[in-house]
Amino acid sequence: MRWRGVPLDVLLAVSGVGLDLLTTWHAGDTAYLPAEMNIPMALLAGLPMGLVRRWPVPVTLYLAVLLFVTDQLESFTSNTAQILICVAIGVAGYRSGWRATLLAAVPAILATAFNMADPGIALNSNMWMYSVLLPVFPAMLGAYLRGSAERLEERDVTPDALLAAGGVAITVLSTWTSWHSGPQPVWVVGLLAVVGGLSLGVARRLPGLVFLLQGVLLVSADTYLNVAVNTCVILTLIAIGVFAMRVSSWAWMTVAYAAGCLLTAIAVVADGTDVTPFRVGVLMTLVATPIAIGRYLGARQSAAAAERLRAEESAKAALAQVRADQLAERERIARDVHDIVAHHVGAMVLRASAARYTAPDGPVADALSDIRETGHQVLQDLRDLLDLLRDPDKQPDLLANPADVVRESAERMAAAGLVVDLDLDPATDHAPLIARASAARIVQEGLTNVLKHAGPGTRVRVAVTPSREGLNVEIQNGRPPTAIERLPSSGRGLAGMRERVRAVGGTLSAGPDGEGGWLLAASLPARLTPGSAA
């Protein structure tokens with residue numbers, strides 16, 4: 001992952017070196033540097049661009065120092081340094097905060113001022129204005145792009161990078177041989193060429209601004225550097241196509257088409273050019289072509305976005321239907337379970353109640369009363385479960401304190417014949433509710449298993465104690481006093497306890513204790529572990 005951007009860094013470094021070699025290939029010896037130093041100077045100027053994405057502020061400071069030094073040495077590399085420093089400070093504005101960008105902008109402004117001031121020329125107000133605006137503009141553009149980077153629905157920057165790379169390649173490769181033919185300094189022409197190409201990288205986000213910038217560059221080239229006019233026409237047509245793709249208003253499209261025809265006419269129509277209807281038609285068709293392509297691509301993108309939206313809505317509708325079907329099935333199952341179990345338990349409660357009134361006082365009457373009360377509690381729990389199945393979002397009510405549930409279970413099993421020794425530490429009341437509720441259910445099931453498999457008269461020790469991790473539950477029974485007839489069992493009691501403990505991220509062990517008895521031990525954490533479900 002950390003090496004994902006290395007090819008782009010290498011490309012930036014190579015581009016920086018190549019740009020300097022293009023601007024200094026014709027340069028010979030200077031007063032301070034021989035011509036053989038052109039390649040080392042190109043490496044000094046271009047290679048740091050490979051680090052500009054990671055450390056834009058240090059690279060900007062380095063280029064500011066390099067610009068000052070090369071200007072004093074009268075090296076042609078100062079032209080390259082002036083171009084690259086604008087690129088670096090734009091990256092700083094995009095990737096860094098405003099304080100860091102300001103720290104980089106001040107040296108860049110000073111170095112630009114010294115580079116623009118020739119010997120014997122004072123730094124007047126106009127000179128300072130250009131010196132300030134030249135680094136500040138790319139910094140502000142980078143900061144603006146950082147804030148508006150999410151305006152596009154698609155976040156992939158690959159099309160932007162391809163547009164910027166293609167624009168720079170077109171402008172530099174087609175105009176670099178004529179950078180010295182105009183009255184402007186080489187670095188000014190080179191900087192405009194690079195900026196004009198790079199601006200295509202933000203055309204999808206700022207289509208109107210880029211189209212306006214390309215129009216200004218086209219008019220400037222037609223006035224001051226006629227050999228670059230064809231290149232500017234190509235960039236303007238690309239900007240019109242991107243504008244048509246991003247802007248769906250036909251009113252603005254008409255304005256852009258008229259402006260494109262006017263700009264193209266300014267570029268291709270000279271003083272002695274014969275204007276004929278055929279040539280006018282060709283020019284209008286030339287401008288209409290990128291608009292048609294842009295509108296086609298824009299329509300394709302809109303259709304794809306609408307299709308994605310429909311797919312998302314269909315997926316949501318299907319999910320809602322599945323959930324509704326699940327709720328209906330849950331309700332049907334709950335209703336069937338309620339009808340079956342409630343019928344048999346209700347009959348059991350009625351028979352126990354009738355037998356209670358006819359039975360004399362004593363253990364039999366107590367057992368019948370316990371059966372009746374337990375049956376009533378089962379029916380109530382069953383109704384609560386039915387409500388929960390009908391409405392999964394409803395939170396189940398805790399009908400009793402977990403500690404009271406543990407004590408009641410111990411008393412009930414003692415009434416059924418077990419000899420229960422309960423050790424319930426009061427400090428367990430400070431444990432989380434989910435841990436205490438799980439411990440109570442484990443004690444209930446564990447005591448029930450002892451009664452089923454060991455029988456009445458068996459001595460049982462129940463301990464619920466706090467630990468550093470949460471709660472510890474131990475249920476240990478001794479050897480059965482006599483041979484017993486085992487009660488019916490589904491065999492799911494121990495498996496159910498394991499599932500309950502695993503759901504809260506705890507552990508459970510069960511097995512013979514080595515003395516003829518059985519030991520059940522559970523450890524419940526104070527907090528749910530990641531991925532567990534209570």
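The values are calculated or read from the model by the stated rules, or taken from the named source; none is laboratory data. As the structure is a prediction and not an experimental result, all values here were calculated from the model. All Cβ positions, glycine included, derive from the backbone under ideal geometry; neighbour counts span all protein chains shown. What goes into the accessible areas is simple: the full protein's heavy atoms, side chains included, and nothing from ligands, DNA or RNA. Shrake-Rupley method; radii C 1.70, N 1.55, O 1.52, S 1.80 Å.
Once fully extended, how much extra length lies between residue 178 and residue 224, figured as 0.36 nm per residue of separation less the alpha-carbon to alpha-carbon distance?
15.4 nm
Given a 1.4 Å probe, how much area per residue of segment 171-268 is accessible, in Å²?
With all protein chains present, segment 171-268 gives 42 Å² per residue.
Starting at 0 and stepping by 5 Å, how many percent of the alpha carbon pairs of segment 212-287 end up in each bin?
For segment 212-287, the binned pair fractions read 3, 16, 26, 24, 18, 9, 3, 0 percent.
Can you order the peptides 215-226, 67-78 by their average number of other Cβ atoms within 10 Å per residue, highest first? Present the calculation step by step, with values, prior to reporting the outcome.
On the way: 215-226: 17.8, 67-78: 20.8.
Per-residue Cβ counts within 10 Å, averaged per peptide and sorted highest first, yield 67-78, 215-226.
Ordered by residue, what ³J(HN,Hα) values in Hz, to whole numbers, does segment 373-380 give under the Karplus form 6.51 cos²θ - 1.76 cosθ + 1.60, where θ = phi - 60° and Gly and Pro are x?
3J(HN,Hα) across segment 373-380, in whole Hz: 5, 5, x, 4, 5, 4, 4, 5.
Can you tell me the length gained on complete extension of the stretch residue 212 to residue 377, counting 0.36 nm per residue apart and subtracting the Cα distance? Walk me through the numbers before you get to the answer.
Numbers: separation 165, 0.36 × 165 = 59.40 nm, distance 7.98 nm.
Net length gain for the segment: 51.4 nm.
How big, in percent, is the set of alpha carbon pairs in segment 202-356 lying more than 29 Å apart?
51
Ranked from highest to lowest mean number of other Cβ atoms within 10 Å per residue, what is the order of the peptides 457-463, 172-178, 91-97?
Per-residue mean Cβ counts within 10 Å order the peptides as 91-97, 457-463, 172-178.
What does the accessible area per residue of segment 33-128 come to in Å², with a 1.4 Å probe and no ligands, DNA or RNA counted?
So segment 33-128 comes to 47 Å² accessible per residue, rounded to a whole number.
Can you compute the charge dipole magnitude of segment 404-443 about its Cα centre, using +1 on each Lys and Arg Cβ and -1 on each Asp and Glu Cβ, nothing else charged? Give it in debye, rounded to the nearest 20.
200
Give the peptides 43-53, 80-90 in descending order of average Cβ contacts within 10 Å, highest first. Before the final figure, lay out the partial values.
On the way: 43-53: 20.5, 80-90: 28.5.
Packing proxy ranking, top to bottom: 80-90, 43-53.
Given R₀ = 30 Å, what would the calculated FRET efficiency be for residue 521 paired with residue 415, taking r from the Cβ atoms and rounding to 0.05?
Efficiency computed from Cβ-Cβ geometry: 0.70.
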